[in-house]
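The values are calculated or read from the model by the stated rules, or taken from the named source; none is laboratory data. Quick caveat: nothing in here was measured; it's all calculated off a predicted structure. Counting neighbours? That spans all protein chains shown, and the Cβs are built from the backbone with ideal geometry, glycine included. Ligands, DNA and RNA are excluded from the accessible area calculation, which covers all protein heavy atoms including side chains. Shrake-Rupley method; radii C 1.70, N 1.55, O 1.52, S 1.80 Å.
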Amino acid sequence: MALRSQLLRIVSNGQQVRYIHELKSMERAGVEKLRDVLEDRLKEIKRAKTWKHERVITSPQDRTVTVKGAEGEFLNFCANNYLGLSNHPEVVEAARDGLAKYGAGLSSVRFICGTQTLHKELEDRLTNFHQREDTILYGSCFDANAGLFEAMLTPEDAVFSDALNHASIIDGIRLCKAQKFRYPHRDLNELEHLLAHSEARLKLIVTDGVFSMDGNVAPVKGLRALADRYRALLAIDDSHATGFFGETGRGTEEFCGIMGAADIICSTLGKAVSGAAGGYTTGPKELITLLRNVSRPYLFSNAPPPPVVAASMKALELVERSNELRERLHQNTKAFREGMKAAGLTVAGDDHAICPVMVGDAPKAVELASGMLLKGIYVVAFSYPVVPKDQARVRVQISAAHTQEDIKKAVDAFAEVATNIGLIKK
């Protein structure tokens, strides 16, 4: 109580004041040791130049944003807002209506008193959208992946994961007791070798549909062929594809020309579809029923808030209503990639809105991103350990909300900054 009193005892003009020297002298030994350990780890992060600096956005998420401490607007080229729906007026209005009709939240998990008609309607809509048997909603796709493998797989089973899969897949696999195998990125030959030598009861191949740091696409046709050959299942995380990739936005399997290839799809409602939050798993009815009964993130997390669910339903309606946004995104992506190639810069990926501008040297990538910010273009550099050593890049993400003038401005800025720092030779 004495320590609590010291922490809270002085309030002046609404601002809490701490006496650091008093707290230090009274600090518990365990907390003091924790500070020492964490200070060393934080120093290591800074030495490795992987410290995360969070810029504070002072506006809605959109094609342009304002940033705390900076003047003017920035063209936003680093959001997952692929269809420009994060601040779409119909989506915002749907969220307001959901708030007014159903409240701010449920204060409950789904199986107690946290399931509203909204949740069941969205699950049904997603089931129909993906042409599957059933769907279960989660608070995020991270939760969907965290809740899948532990519930589904036992020590008698095996999971085969692409080396560059998302962290949520990696962490979800760590939680399960299945036999674990990792195959080199998109390497069908090595995957086949692993499958051929496995005697597991269930064999589950899991892959990102589109890999978020590279913008490249999983070899879905080859994966499906291997799954059929070795009586395996195929699961795809389609977070960077749902709603905008493929002719009707049904994701990687549609883009690859093999609808229904995946036995299980996990995806998000926090990117192209509304941009708010939420995730889901869709697939065989028996699997979804099992997840409702034993998947821990589902059983022990509050139901997704009604405004978020309502916004997602409206966004899904817009996705299904017209191809206009997808076509605009495709044209913007094509213009950016062609413009960057003409400027002498290398953009990785497979005709996807994720456009990694490859630099190689980490400090140069940071210099390029910093120069772009000075030009009013909001982009971010990535380097090891987020990406492999000597493969640093500035990741650009195109949106249907961008105009052709926005694309040209970004390309011209990249060309100028890259020339100034020596990436493009005059």
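Figures for the structure shown
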item	result
Set Ala335, Ala342, Ala310, Ala315: member being part of a helix (DSSP H, G or I), buried (at least 22 other Cβ atoms within 10 Å of the Cβ) and more than 19 Å from the chain's Cα centre (by Cα)	Ala310
Region 370-383, residues that are open to solvent by 10 Å² or more (accessible area, probe 1.4 Å), under 23 Å from Lys46 (Cβ atoms) and under 22 Å from the mean Cα position of the chain (by Cα)	Val380, Ala381, Phe382, Ser383
Check on Thr289, under 23 Å from Ile236 (Cβ atoms), among the hydroxyl-bearing types (Ser, Thr, Tyr) and open to solvent by 30 Å² or more (accessible area, probe 1.4 Å)	yes
Residue satisfying condition, being free of Cβ contacts under 8 Å to residues at least 24 places away in the same chain and hydroxyl-bearing (Ser, Thr, Tyr), within set Ser370, Ser383	Ser370
Region 110-121 residues that are without any contact (Cβ under 8 Å) to a residue 40 or more places away in the chain, paired with ones that are surrounded by 12 or more Cβ atoms within 10 Å (Cβ to Cβ) and outside any helix (DSSP H, G or I) (beta carbon under 8 Å, 6 or more apart)	Cys113/Leu106
Matching helices (runs of 4 or more DSSP H) fully within region 185-265 where at least 3 residues are open to solvent by 10 Å² or more (accessible area, probe 1.4 Å) and in contact (Cβ under 8 Å) with a residue 12 or more places away in the chain	188-196, 220-229
Unmet criterion (only one of (1) out of contact with any Ser or Thr (no Cβ under 6 Å at 6 or more places or on another chain); (2) at pLDDT 95 or above) for Ile398	(1)
Region 108-124, residues that are of a type in the set (D, E, K, R) and open to solvent by 20 Å² or more (accessible area, probe 1.4 Å)	Lys120, Glu121, Asp124
Number of positions in region 147-167 that are within 14 Å of the chain's Cα centre (by Cα) and among the hydrophobic types (A, V, I, L, M, F, W, C)	2
Hits in region 256-286 - residues which are among the hydroxyl-bearing types (Ser, Thr, Tyr) and at pLDDT below 95	Ser274
Leu299 vs. criteria open to solvent by 10 Å² or more (accessible area, probe 1.4 Å), over 23 Å from the mean Cα position of the chain (by Cα) and over 17 Å from Leu118 (Cα atoms)	no
Matching residues in region 116-167 - criterion: being acidic (Asp, Glu), out of contact with any Gly (no Cβ under 9 Å at 6 or more places or on another chain) and closer than 16 Å to Gly283 by Cα	Glu123, Asp124
Ala276 in a helix (DSSP H, G or I), in contact (Cβ under 8 Å) with a residue 24 or more places away in the chain and within 18 Å of Tyr82 (Cβ to Cβ)	no
Test: residue in region 166-173 that is in contact with an Asp or Glu (Cβ under 8 Å, 6 or more places away or on another chain), at pLDDT 95 or above, over 26 Å from Gly270 (Cβ atoms) and open to solvent by less than 40 Å² (accessible area, probe 1.4 Å)	no
Count - residues of region 125-138 that are surrounded by 20 or more Cβ atoms within 10 Å (Cβ to Cβ) and either touching an Asp or Glu at 6+ places or on another chain (Cβ under 8 Å) or closer than 15 Å to Ser295 by Cβ (or both)	5
Selection within region 337-367 - closer than 23 Å to His240 by Cβ and of a type in the set (A, V, I, L, M)	Met340, Leu345, Val347, Ala348, Ala353, Ile354, Val357, Met358, Val359, Ala365
Subset of region 345-359 that is open to solvent by 10 Å² or more (accessible area, probe 1.4 Å) and in contact with a strand residue (DSSP E or B) (Cβ under 8 Å, 6 or more places away or on another chain) - its residue that is farthest from Phe211 (Cα to Cα)	Leu345
Some residue of region 282-290 being touching a Gly at 6+ places or on another chain (Cβ under 8 Å) and outside any loop (DSSP other than H, G, I, E, B)	no
Residue in region 151-163 that is touching a residue at least 12 places away in the same chain (Cβ under 8 Å), in contact with a helix residue (DSSP H, G or I) (Cβ under 8 Å, 6 or more places away or on another chain), open to solvent by less than 40 Å² (accessible area, probe 1.4 Å) and among the aromatic types (Phe, Trp, Tyr) present	yes
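For every residue, the table says whether it meets (1) closer than 30 Å to Ile398 by Cα; (2) open to solvent by 80 Å² or more (accessible area, probe 1.4 Å).
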position: Arg28; (1), (2): no, yes
position: Arg35; (1), (2): no, yes
position: Asp40; (1), (2): no, yes
position: Glu44; (1), (2): no, yes
position: Ala48; (1), (2): yes, no
position: Lys52; (1), (2): yes, yes
position: Pro60; (1), (2): yes, no
position: Thr64; (1), (2): yes, no
position: Val67; (1), (2): yes, no
